[in-house]
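Enquirer: Dropping the structure in here first, questions after.
The values are calculated or read from the model by the stated rules, or taken from the named source; none is laboratory data. Worth saying up front: this structure is predicted, and the values here are computed from it rather than measured. Using ideal geometry, Cβ is built from the backbone for each residue, glycine included, and neighbour counts are taken over all protein chains shown. Note: areas computed on protein heavy atoms with side chains; ligands, DNA, RNA excluded. Shrake-Rupley method; radii C 1.70, N 1.55, O 1.52, S 1.80 Å.
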Amino acid sequence: MVASGTATLETALFKVPQVVAYKVNKITYFVGKQLLKIPYISLVNILLQKQLVEEYLQNIEVKTLTGAIERLQSPSSLETINEGYSELWNMLIAKGQDVSQNVAENILTSLK
């Protein structure tokens, strides 16, 4: 389980399977939903522009999270996640440039 933010990116770069869960104040959620028009909340999914890791926002139930964690244990899920993490690694690190700069550029591109 990982809270959204840079922790999701760090977890991915360490190649650890993850489920992202995040809960914020109701007002913050409402305002954020109005201002941000992005399909994902985790940096992993934002950068890859697809859902690689499961995300849960606001209505978080133990049964739902347990199911998501159990799905991570299947060989096919692990293979998919590892492939996505390799893609992310190549996008951000293998270029031999500044990782922070690569992340920032990729996020800006995703937001456009």
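Enquirer: Which pairs do you get when a residue that is touching a residue at least 24 places away in the same chain (Cβ under 8 Å), found in the stretch 69-80, comes within reach of a residue that is surrounded by 12 or more Cβ atoms within 10 Å (Cβ to Cβ) and not in a helix (DSSP H, G or I), reach meaning Cβ atoms under 6 angstrom, with the pair 6+ apart or on two chains?
Expert: The qualifying pairs are 69/19; 72/17.
Enquirer: Name the pairs whose Cβ atoms lie under 8 Å apart, with the first residue in the stretch 101-112 and part of a helix (DSSP H, G or I), the second among the β-branched types (Val, Ile, Thr), and 6 or more positions between them or separate chains?
Expert: The qualifying pairs are 102/93; 107/46; 110/38; 110/46; 111/38.
Enquirer: All but one of (1) at pLDDT 90 or above; (2) among the polar types (S, T, N, Q); (3) open to solvent by 50 Å² or more (accessible area, probe 1.4 Å) hold for residue 101; which doesn't?
Expert: (1)
Enquirer: Do we have residue 28 as part of a helix (DSSP H, G or I) and open to solvent by 60 Å² or more (accessible area, probe 1.4 Å) here?
Expert: Values: part of a helix (DSSP H, G or I): yes; open to solvent by 60 Å² or more (accessible area, probe 1.4 Å): yes.
The answer is yes for residue 28.
Enquirer: Also, quick follow-up: When the stretch 42-70 is examined, which residues are found to be outside any helix (DSSP H, G or I) and buried (at least 19 other Cβ atoms within 10 Å of the Cβ)? It would help to see each step written out before you state the result.
Expert: Of all residues in the stretch 42-70, those outside any helix (DSSP H, G or I) come to 42, 49-61.
If the condition is that a residue be outside any helix (DSSP H, G or I) and buried (at least 19 other Cβ atoms within 10 Å of the Cβ), then 42, 52, 53, 54, 55 are the ones that fit.
Enquirer: Right, next: Collect the residues in the stretch 32-44 that are touching a residue at least 24 places away in the same chain (Cβ under 8 Å) and within 15 Å of residue 18 (Cβ to Cβ), keeping them in residue-number order. Walk me through it before giving the result.
Expert: If we filter the stretch 32-44 for residues that are touching a residue at least 24 places away in the same chain (Cβ under 8 Å), which is where we start, we get 38, 41-44.
Hits for the stretch 32-44 are 41, 42, 43, 44.
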